[in-house]
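A short write-up of the structure that comes next.
The values are calculated or read from the model by the stated rules, or taken from the named source; none is laboratory data. All values reported here derive from a predicted model rather than from experimental measurement. Here the Cβ is made from the backbone with ideal geometry for all residues, glycine too, and neighbour counts use every protein chain on show. These area figures cover heavy atoms from the full protein model, side chains too; ligands, DNA and RNA do not enter into them. Shrake-Rupley method; radii C 1.70, N 1.55, O 1.52, S 1.80 Å.
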Amino acid sequence: MALIRRAGRSLSMLKRSSLFHGKQKKQRQQPIVSPSLPNLTPHLPSSLIRLQINTTYSAIPRGISSCSFRSSYIPNRLLTSEAQPKLPDEGIDDTQFLDFPGVKNTAFTCDLKFVSEKSEEVPCYRVLSELGEPVDGAKLPQMADALALRIYENMITLQVMDYLFYEAQRQGRFSFYMTCSGEEAAIVASAAALSNEDVIFAQYREQGALMWRGFDLQEFAHQCYSNSADYGKGRQMPIHYGSKKHNFVTISSPIATQLSHAVGAAYSLKMDRKDACAVTYFGDGATSEGDFHAAMNFAAVMEAPVLFICRNNGWAISTPITDQYRSDGVATKSRAYGMRSICVDGNDALAVYSAVKSARSMAISESRPILIEVLTYRVSHHSTSDDSTKYRSGEELSHWKVMRDPVVRFRRWLEGNGWWNRQKDTELQSHSRKKIIAAMMNAESMKKPPLSDLFTDVYDSIPTNLKEQESYVREAVAKNPNLYPSDVPL
Amino acid sequence: MWATSARRAIAGQSSVTSWLLRNSMIKSGEKVRSFSSGSNQLTVRDALNSALDEEMSADSRVFVIGEEVGEYQGAYKVTKGLLQKFGPDRVLDTPITEAGFTGLGVGAAFYGLKPVVEFMTFNFAMQAIDHIINSAAKTYYMSGGQISVPIVFRGPNGAAAGVAAQHSQCFAAWYGSCPGLKVISPYSSEDYRGLLKAAIRDPDPVVFLENELMYGETFPVSDEVLDSNFTLPIGKAKIEREGKDVTITAFSKMVGYALKAADELAKDGISAEVINLRSIRPLDRATINASVRKTYRLVTVEEGWPQHGVGAEISASVVEESFEYLDAPIDRITGADVPMPYAANLERLALPQVEDIVRAAKRACYRQVPQSAAA
């Protein structure tokens, strides 16, 4: 018996050597795997294991399930020497099984073929037509009338605020403003799908998300006027809002830096096991920054619950999409990082709400990042420092502004459900206008931040050199009160 | 874990003794000899490792992130054993993206964690300098005090040996000019241990500049330094050696050179006072000026480039505050105004040497000094 076993073993070694010398290719056997065999070598690709098992235990009758290479429970008398059927010689590649560490699921090929630069088509998800009617076959998300109306009211208030603040800047009341015309649905509907515990890292065009969270018109006005009630203590340009209590991180100007911050915060949320995720907004231009690559890669590797929401609005100041990237859209980029994504019609508030809600629950329950591309159009100039008629046609602009207004589209759906009407609309517009103007007047009349706010918050506790500087300034002010501005309190 | 180290402390074993035991550096039962003045020997690397270990045990929000910090035990073995002790949630190995993991660390700090971000050298931190300055240093101010950033950026700074231009730059002056940051450059094991603990506990962003060549250096430390609550104040310089004829300021490796220079000068009857700056920002102007008002002469030493360097700032500060006390012009000894060359002879010429410091001190004391052999 021992003799047969020994013979079997040397036969198996001969077979194994055939892998390397290739002489006895025709005698190679079809791998047989008993499904009950334990995976004793998980670090090796299963293909190799099959071969190993095959060469040493090809003769074991089925039904003997307790197997180990060195088990002594298998009685020698059960070993037979069964001739295995010969495989047809189809020129099978001898080294068919790829085990380089760099890739997981791929096979060799002997065709010299390049992967195309054109990606697989990524469809764009939407549920409402341009006229605000459900598209054939669409399953509308569950949305109560109260929520829908709140979204709509936010969008209208946002539009009115943007319009009035833009005009205020033109009148010299404050130095800078950025509107989000054309992107109201993308921003407000996505914010509506989040919870108040989700931490938002925005770029600069997402005041609608902050408004959704409950930042009121007066607080917006204070920040733009940089007065003593501004939470930023007058240190930031207008539209650089931030509010800890609303879980909205202060806007930081350098593009795309907020992406890696969001991944860091998401990692912390994951460690705390909170039912919350980090959400970061950015534009199409930001996808060119190094931070986009770094953050996407990190989020995927660290399995961080973060939503990357890209407002692809077609323009980065004057740079059109064709000069920004050569991929077909932004959603397709996530595949390269091993990340899930979706492309959504950003002017369809219902679709945006549905996609973000779904993505959020996936991100938290599965601890994974998701990229959500919301396609939209930047009707506004980039900012008050920009005149976009210089680089795009008036026809393009007026088409999107008049024919493709996302707020109107959503209103049509509300009207179709009987939840809204023209009269309510007019009332809402005029009510918002009055509130905003009142907020602006109030903010304008307030004093600027006090002198002490120049020196605080550089460090946790004020250092001696800054205390000295502050006392020098106060001495100078005391000596020359007529030279000191009257609206800056001490 | 904190309770464990407390128990050990009660049992009469200092936390560093237990750390040394855990890392098999002493045998069980072997007592680390302790006298009231330092005669425990501690390398800089172990000072850093023990400080990280203790701070991570004491506060679960502290975590380490960087390249090779985990499985590899740290590119310079500073984080040795931490992954094994605290697990992959607290010690994170990252892909090669300084911008990425620095931004990630800053985001985690915004949220409330306390990251310790390791750069393989501060030269590579330049790929993340936007996050260090724009995202970390300025955020507490820009957010109106709403978002604090309790983060520590650490790693080797300045010249090593034979690593040439892109691995040898000294960043003390650049980071030192930025409000919102605290910048630390320790010299001895006591400095490294106390200041890293202080940096991790500090609510502001701290840039902690180490030195690769110092990692293996051993220093005697007292029992007090080995205590788990030992910290040093950030912003206070240390007078390493008292003197009355000339003040020599230095930081990091140059402190050692300044001390050697002081020994040389003593042979010529010049008593030099050596100040170990410890902090670049805040700079301890009070100590420097008090010393200059005692000796009337100043020599500043640094490895970095001369223009806009740390010595320039010290010079300006002393001229502003102690001008009447100066008996001689202030001398700045700095690295050469070139990218660091590779060849060993050129590298030596590009960096301050002990004889340069000696010559400068003698010049300040109006002694006859032969010109240096090399230009």
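Dividing the Cα radius of gyration of segment A:310-354 by 2.2 N^0.38 Å, with N the residue count, gives 1.29. For segment A:112-216, the dipole from Cβ point charges (+1 on Lys and Arg, -1 on Asp and Glu) about the Cα centre works out to 260 debye, to the nearest 20. Straight Cα distances below 25 angstrom link A:LYS479 to the lysines A:LYS447, A:LYS448, A:LYS467, with same-chain residues fewer than 8 positions distant left out.
Relative contact order for segment A:125-449: 26 percent, from Cα pairs under 8 Å spaced at least 6 residues apart, divided by residue count. Shown in residue order for segment A:197-206 are the 3J(HN,Hα) couplings computed by the Karplus curve 6.51 cos²θ - 1.76 cosθ + 1.60 at θ = phi - 60°: 7, 6, 8, 9, 10, 9, 8, 5, 10, 10 Hz (x for Gly and Pro).
What is segment A:234-293's relative contact order, in percent, from Cα pairs under 8 angstrom and six or more apart in sequence?
29 percent
Per residue of A:450-462, how many C-beta atoms from partner chains lie within 10 Å of its own C-beta, taken as a mean?
Going residue by residue through A:450-462 and averaging, the value is 4.
When a/c is below 1.5 the answer is rounded, else prolate if a/b is larger than b/c, else oblate, so apply that to segment B:79-140 with a ≥ b ≥ c taken from the square roots of the Cα gyration tensor eigenvalues. Kindly include the intermediate steps, with their values, before the conclusion.
Values: a/c = 2.42, a/b = 1.41, b/c = 1.72.
Note, shape of segment B:79-140 comes out oblate.
The H on the amide N of B:THR247, modeled in the peptide plane, is under 5 Å from the matching H of B:GLU273, B:ARG297, B:LEU298, B:VAL299, each at least 5 residues off or on a different chain.
For segment B:263-270, 3J(HN,Hα) computed residue by residue from phi via the Karplus equation (6.51, -1.76, 1.60; θ = phi - 60°) reads 4, 4, 5, 4, 5, 9, x, 9 Hz, glycine and proline entered as x. Under 12 Å of direct C-alpha separation, and excluding same-chain neighbours fewer than eight residues apart, B:LYS182 reaches these aspartates and glutamates: A:ASP460, B:ASP202, B:ASP204.
Treating r as the C-beta distance of A:GLU82 and A:ASP111 and R0 as 51 Å, the FRET efficiency rounds to 0.85. Taking only the C-alpha atoms of segment A:125-449, the Rg (one decimal) and the largest Cα-Cα distance, Dmax (whole number), read 18.9, 57 Å.
Karplus-derived 3J(HN,Hα) values for segment B:321-337, using 6.51 cos²θ - 1.76 cosθ + 1.60 with θ = phi - 60°, are 10, 10, 4, 5, 7, 6, 9, 8, x, 6, 9, 9, 9, 9, x, 5, 7 Hz; glycine and proline are entered as x. Separation of the alpha carbons by more than 27 angstrom is noted, of A:LYS390/B:LYS138; A:LYS244/A:LYS270; B:LYS197/B:LYS362, for A:LYS390/B:LYS138; B:LYS197/B:LYS362. Would you work out which of A:GLY132, A:SER358, A:ALA331 lies farthest towards the positive end of the dipole of segment A:125-449, given +1 charges on the beta-carbon of Lys and Arg and -1 on that of Asp and Glu, about the Cα centre? Towards the positive end, the residue furthest out is A:SER358. The amide H of B:ARG241, built 1.01 Å from its N in the peptide plane, has B:VAL274 as neighbours under 5 Å, considering only residues 5 or more places off or on other chains. The GluC sites (Glu not before Pro) of segment A:113-174 that meet both conditions, a loop assignment by DSSP and at most 12 other Cβ atoms within 10 Å of the site Cβ, are A:GLU117, A:GLU120, A:GLU121.
Peptide B:278-290 is shielded by partner chain Cβ atoms: per residue, an average of 1 of them sit within 10 Å of its Cβ.
Using only alpha carbons, segment B:325-375 has a radius of gyration to Kirkwood radius ratio (Rg to Rh) of 1.04.
Buried on complex formation within segment B:89-127 (loss of at least 30 square angstrom of accessible surface versus the isolated chain, 1.4 Å probe, ligands and nucleic acids ignored): B:ASP89, B:LEU92, B:PRO95, B:THR97, B:GLY100, B:LEU104, B:GLY107, B:PHE110, B:TYR111, B:LEU113.
Per atom type, chain B shows carbon and sulfur on 52% of its accessible surface, probed at 1.4 Å. If you look at the Cα atoms of segment B:243-285, you get an Rg and a Dmax of 10.9, 34 Å.
Here chain B was treated as a single set of alpha-carbon atoms; its pair distances binned every 10 Å from 0 give 5, 24, 31, 25, 13, 3, 0 percent.
For the pair A:TYR391 and A:GLN171, a Förster radius of 30 Å applied to the C-beta separation gives a FRET efficiency near 0.70, rounded to the nearest 0.05. Note on B:ARG293 and A:ILE462: their simple-model spin labels are 2.4 nm apart, each label 7 Å out from Cα toward Cβ.
For segment B:206-280, the set of GluC sites (Glu not before Pro) satisfying both a DSSP loop assignment and a count of at most 13 other C-beta atoms within 10 Å is given as B:GLU242.
Database remark: amide H of B:ILE280 closer than 5 angstrom to the amide H of B:VAL183, B:ILE184, B:SER185 (H placed geometrically; neighbours at sequence offset of 5 or more, or on other chains; Pro and chain starts carry no H).
Note down the magnitude of the dipole of segment A:190-278 about its Cα centre, charges +1 on Lys and Arg C-beta and -1 on Asp and Glu C-beta and zero elsewhere, to the nearest 20 debye.
200 debye
Taking a straight line from the alpha carbon of A:LYS434, these lysines sit under 18 Å away, with near neighbours fewer than eight places off in the same chain left out: A:LYS424.
Please average, across the residues of B:145-151, the number of beta carbons from any other chain that are within 10 Å of each residue's own beta carbon, and give a whole number.
Rounded to a whole number, the mean comes out at 4.
The A-B contact accounts for approximately 3200 Å² of buried accessible area, totalled over both chains at a 1.4 Å probe radius. Across chain B, C-alpha contacts under 8 Å between residues 6 or more apart give a mean separation that, scaled by the residue count, equals a relative contact order of 15 percent.
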